[in-house]
Amino acid sequence: MIELRPGITEDRTAMLTRAITREPNENLAEGLTTLQLGTPSFELAKRQHKQYVRALESLDLIVTVLDPLPGYPDAHFVEDTAVITPEIAVITNPGAASRRGEADAIEPVLAKDRETVRVSAPGTLDGGDVLMTGRHFLIGLSQRTNKEGAFQLGRTLEQYGYTWAPVPVLEGLHLKSNVSCIAENTLLVDGKVAGLHELRQYDKIIVDEREKSAASTLLINEWLMIPSGFPRTRRKLDALGLNIIELDISEMRKMDGGLTCMSLRF
Ligand code: CIR
């Protein structure tokens, strides 16, 4: 059995104190999705988003809630627009053309707190492909993030003393659809990615084959947020003694979203 060190944040360099979120747009069902889980309800999505914001606040984060971004049905998946470290905010160039304007909209918001730099074409990068594990970043190469985008981010991170490695995204939309950091040096992963060479230095907890989406969790300081509806994973994580908050994000999942995608944390 793996011995976990609870009370560890995904970002080991600092406690998280703030989050930025964006309310869902009325036309969220027009966003991109690869799944056939049905059409999301705007009303329910709004309620779930509110519960998510409340959960972040209950963990003592100061949460900024931005207004919906007209014309951008995926804009509440705000994580994809930036990667934030204590030193810098890297504004992404999202891999989906329909989402590029979201990055322009987030830059002035983050510029209030950080120096900003941008990933630029031909590089593309989605924040959902970037997992910070202490001072090492895993950057997924996916349908959305290409090698050039990963290198641009990697070069910036290196300037601040971080290390990084590209990781192939074997299934799902983003790296964080299948991999999350649940404690120091410990990943929760889908079985398919567990054997990846790039993840060899981590302890790994593998989710049940029937609960693949459960690998997408969000670590906030001493607490782990997990999506509801995955009882086997819940039991596994409870047995490890983690502090858990379970949230229903059914409407976000219909549009390929997970718990991380609805906020930028720093
Ligand atoms: C998209 O396809 O871009 C959105 N419908 C979902 C983005 C989810 N983002 C994330 O998990 N970081």
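The values are calculated or read from the model by the stated rules, or taken from the named source; none is laboratory data. This structure is a prediction, so every number in the text was calculated from the model and none was measured. All Cβ positions, glycine included, derive from the backbone under ideal geometry; neighbour counts span all protein chains shown.
Looking at this structure, is residue 79 more than 16 Å from the ligand (Cβ to nearest atom) and either of a type in the set (Asp, Glu) or modelled with pLDDT under 95 (or both)?
Working: more than 16 Å from the ligand (Cβ to nearest atom): no; either of a type in the set (Asp, Glu) or modelled with pLDDT under 95 (or both): yes.
Answer is no for this residue.
Listed here are the residues, each with its yes/no results for (1) within 16 Å of the ligand (Cβ to nearest atom); (2) farther than 18 Å from residue 140 by Cα.
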residue: 171; (1), (2): yes, no
residue: 190; (1), (2): yes, no
residue: 194; (1), (2): no, no
residue: 199; (1), (2): no, no
residue: 227; (1), (2): yes, yes
residue: 260; (1), (2): yes, no
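Filter the range 229-258 for residues that are within 16 Å of the ligand (Cβ to nearest atom) and among the hydrophobic types (A, V, I, L, M, F, W, C); which is surrounded by the fewest Cβ atoms within 10 Å (Cβ to Cβ)?
Going residue by residue through the range 229-258, those that are within 16 Å of the ligand (Cβ to nearest atom) are 247, 249-258.
Filter once more, so that each one left must be among the hydrophobic types (A, V, I, L, M, F, W, C): 247, 249, 252, 255.
Values: 247: 17, 249: 24, 252: 24, 255: 25.
Once the filter is applied, the top-ranked residue is 247.
Starting from the range 97-122, take each residue that is basic (Lys, Arg) and list its partners that are part of a loop (DSSP other than H, G, I, E, B), counting only C-beta distances under 6 angstrom and pairs at least six apart or across chains.
99/74; 100/94
Any residue that is away from the ligand (no atom under 16 Å from the Cβ), of a type in the set (Ser, Thr, Tyr) and out of contact with any helix residue (DSSP H, G or I) (no Cβ under 9 Å at 6 or more places or on another chain) - is there at least one of those in the range 142-156? Steps first, answer last, please.
Just the residues of the range 142-156 that are away from the ligand (no atom under 16 Å from the Cβ), to begin with: 147-148, 151-152, 154-156.
If we keep only those that are of a type in the set (Ser, Thr, Tyr) too, we end up with 156.
Subset that is out of contact with any helix residue (DSSP H, G or I) (no Cβ under 9 Å at 6 or more places or on another chain): 156.
Among the residues of the range 142-156, at least one is away from the ligand (no atom under 16 Å from the Cβ), of a type in the set (Ser, Thr, Tyr) and out of contact with any helix residue (DSSP H, G or I) (no Cβ under 9 Å at 6 or more places or on another chain), which makes the answer yes.
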